[in-house]
Amino acid sequence: MKADPAAQRRLLDLAEVDTELGRVRHRRTTMPELAEITAAETAVRARRDAGVAVRTQLDDLDREAARQEKEIDAVRAREDRDRKLLQGGTVGAKQLADLEHELHSLERRQSVLEDDLLELMERREAVELDVKHAEVELAKAEHVLAEATGRRDENLADLDTTEARRTAERAKILPGLPADLLAGYERRVSQGRIGAALLRARRCGACRLELDSREISRIREAAADEVLECEECGAIMVRTPESGL
């Protein structure tokens with residue numbers, strides 16, 4: 001393939017642009033903030049689940065406390081009724097004995113229920129502290145997630161700016177390249193290789209290998225418009241006064 005030396009040198013500008021575009025694409029998927037966000041999202045889900053669990057415990061205790069209070073109220077109401085009957089003085093001896101026995105039973109029952117309720121409220125206080133702790137831990141996890149997300153978004157904005165600028169530069173370079181030269185370059189890039197690189201000080205700029213004397217002789221004897229490629233990596237080697245020929 002033949003191409004004007006100036007056009008070949010333009011390939012270096014294109015390769016530089018493509019290298020940075022490649023770095024942009026790589027950076028989009030490998031920035032550390034992505035891993036931080038994944039870890040932070042996992043932490044947030046775990047903290048939310050923990051919060052739901054302790055709030056469920058609190059709700060269960062509240063329902064149990066309400067049931068206990070309702071039962072205590074029922075016992076007190078029965079006690080009040082029995083005492084009124086006793087105070088009325090209209091009951092017979094047998095009913096009087098039954099009422100006194102029932103009152104003693106109700107008093108014992110009320111004492112047990114009140115003790116149970118007290119224990120229940122102590123458990124509730126402990127679980128309420130767990131709820132507050134879970135809320136604090138969730139807020140911390142959400143803060144970490146928000147910070148990592150903010151840094152990621154800032155990075156993406158910078159990458160978008162770089163990509164837009166370099167894409168515009170690429171669009172300006174392309175019209176100045178011969179179709180066959182550009183096709184050869186693009187083919188190499190599509191294969192995951194470096195499309196073109198500077199031959200500097202007898203070393204290929206793509207694979208960084210120093211060329212042997214036989215290869216240097218071949219390159220030196222080639223016409224200036226001959227498009228040469230590295231025997232090792234296949235990249236188009238662009239010659240300039242820096243090539244050391």
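The values are calculated or read from the model by the stated rules, or taken from the named source; none is laboratory data. No experiment lies behind these values; they were computed from the predicted model shown. Positions of Cβ are backbone-derived with ideal geometry, glycine not excepted, and every protein chain shown enters the neighbour counts. Ligands, DNA and RNA are excluded from the accessible area calculation, which covers all protein heavy atoms including side chains. Shrake-Rupley method; radii C 1.70, N 1.55, O 1.52, S 1.80 Å.
So here's what we get for this one:
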quantity: T90 modelled with pLDDT under 95 and out of contact with any Pro (no Cβ under 8 Å at 6 or more places or on another chain); calculated: yes
quantity: When residues of region 171-218 are limited to those that are touching a residue at least 24 places away in the same chain (Cβ under 8 Å) and at positive phi, the one surrounded by the fewest Cβ atoms within 10 Å (Cβ to Cβ); calculated: A201
quantity: Those residues of region 219-243 which are surrounded by fewer than 13 Cβ atoms within 10 Å (Cβ to Cβ) and in contact with a Leu (Cβ under 9 Å, 6 or more places away or on another chain), in sequence order; calculated: R220, E242
quantity: Answer residue from region 90-114, given it is among the hydrophobic types (A, V, I, L, M, F, W, C) and part of a helix (DSSP H, G or I) and is farthest from E71 (Cα to Cα) among those; calculated: A93
quantity: Selection count, region 1-42, where residues are assigned to a helix (DSSP H, G or I) and open to solvent by less than 30 Å² (accessible area, probe 1.4 Å); calculated: 13
